[in-house]
Structures are given as C-alpha cells and as structure tokens.
Amino acid sequence: MYALQPLGYHPKESNWQDYHHFTSSQLPGKVRPWLLDRGSLTQRLIKSSKGQFKVQVLSQQWQRPRLSEATLLGLQHREMAIIREVALLCAGQPWVFARSVIPASSLVGRLRRLRKFNDSSLGEMLFRDPSMRRYPFQIAAIDGQSPQLPASMQASGQLWGRRCRFELAARPIMVSEIFLPDFIP
Ligand SMILES: C=C(O[C@@H]1C=C(C(=O)O)C=C[C@H]1O)C(=O)O
C-alpha cells in the first residue's frame, strides 16, 4: 500500500537553469539546435515528420504548479492552474513530453478557451496570437527515470528539456518540453 502523498506533492524538481549557463559543447548535438529554437516546436515537428504529427493529451487537470513553475510564472503561493501534459507524436512515436502550466489568473478574456483545450496544439494558438511574447529558455538535464515522466516514456540515462514563460495579452503561461529517446530529428 503506497502512502498517500500530501496535497501538492511533486516529484523532485529538475535543476532548471537559464540557457546561457550552458556552453554549446555541454548540450548534445542531436538536441542542441532544437533546445534553443525560438520558433514553434509543433511546426518544426510537423515538418520533420512530414506531417505525421499528433498531440496526445495525457492529462489536463486543475493542480497546484511545482514551486519553480510558480516562481517562473510569478504566481502567489499555491495558486491553482490547469496542468496539461501531452506527448508529441511523430509517425506514432513519442518524440517530446510536454507539460504546460496555465494559471487560473490567465484564463480570462480570449484565453478562457484554454479551459477546454483538446488535442489541438497549444503552440498553434500561442504562435497565432499577435500579442504573444516568449521569454528566454531555461534548460535542464533530466533523469530518464524521473517520476515526472510517464512510466512509458522513462528511459535509462539522461534526457534534455527546455521550458519558458510565454505571455498572451500579458497573461503568463509556462510550457516545458522534454526530448525523448525516440526523438530522431
Ligand atoms: C509551444 C508550443 O506548443 C507545443 C504544444 C503543446 C500542447 O499542445 O500542449 C505543448 C508543447 C509545445 O511543444 C510549440 O508548438 O512551440
């Protein structure tokens, strides 16, 4: 019998650091150009997979963000958010695990539609919005066995992830993406 986790339990957080903390030689050549690409990951994956792209929603629910996510978003302690976790599939294979945090205080005006988001890409909405502003990336080396990854996506060794704060109509959203072993650009 597993002990019940206290409300707001989060697995050990990864060590997210500003991208300029890393020299280019520290980032593996396969993912380096993708980690720092400021364009839409969705569009790049669609192109790379010759259109065989799909967003698989794994969960989308109200939760408290992790402490470092709340800090990045400038949230009051314990503010609730929609936490959306998806797999980005290329030719049916999960290339990216993505976790987005949409604070309750951002779900206003035209952003209310994010309450009922489905398997269309969050990126398509973000990059279509003229008010969108993207902040600099944070990068982390992620333990492939980390419990933050669904069991089916865990791997031996180390994975690389990126995350950043977006603002739409000056309202913050966080998007994080972890590149999985099946990722073959
Ligand atoms: C931010 C983007 O949106 C992508 C789509 C996501 C979703 O639909 O949940 C999550 C992460 C992103 O990779 C993008 O395409 O660059």
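The values are calculated or read from the model by the stated rules, or taken from the named source; none is laboratory data. All values derive from a computational prediction rather than experimental measurement. In this analysis, Cβ positions are derived from the backbone assuming ideal geometry, glycine residues included, and neighbour counts consider all displayed protein chains.
Each residue in region 99-137 was checked for being away from the ligand (no atom under 14 Å from the Cβ), of a type in the set (A, V, I, L, M, F, W, C) and surrounded by 12 or more Cβ atoms within 10 Å (Cβ to Cβ), and 3 of them qualify. Taking region 1-118 and the helices (runs of 4 or more DSSP H) fully enclosed by it, the elements with 2 or more residues that are modelled with pLDDT of 95 or more and more than 20 Å from P181 (Cα to Cα) are at 67-73.
Against the numbered list (1) hydroxyl-bearing (S, T, Y); (2) out of contact with any helix residue (DSSP H, G or I) (no Cβ under 8 Å at 6 or more places or on another chain); (3) at pLDDT below 95, S121 comes up short only at (2). For region 50-66, the tally of residues that are farther than 24 Å from Q76 by Cα and either among the β-branched types (V, I, T) or more than 13 Å from the ligand (Cβ to nearest atom) (or both) stands at 5. Taken together, the criteria place E167 among residues that are modelled with pLDDT of 95 or more, surrounded by fewer than 18 Cβ atoms within 10 Å (Cβ to Cβ) and outside any loop (DSSP other than H, G, I, E, B). The residue pairs whose first member lies in region 33-57 and is closer than 18 Å to A91 by Cα and free of Cβ contacts under 8 Å to residues at least 60 places away in the same chain, whose second member is part of a loop (DSSP other than H, G, I, E, B) and small (G, A, S), and whose beta carbons are closer than 6 Å, counting only pairs six or more residues apart or on different chains, are S49/A91; Q52/A91. Assessment of region 149-163 against the conditions (buried (at least 16 other Cβ atoms within 10 Å of the Cβ), in contact with a strand residue (DSSP E or B) (Cβ under 9 Å, 6 or more places away or on another chain) and over 28 Å from A91 (Cβ atoms)) yields no matching residue. The residues in region 93-116 that are within 25 Å of R44 (Cα to Cα) and in contact with a strand residue (DSSP E or B) (Cβ under 8 Å, 6 or more places away or on another chain) can be counted, and the count is 11.
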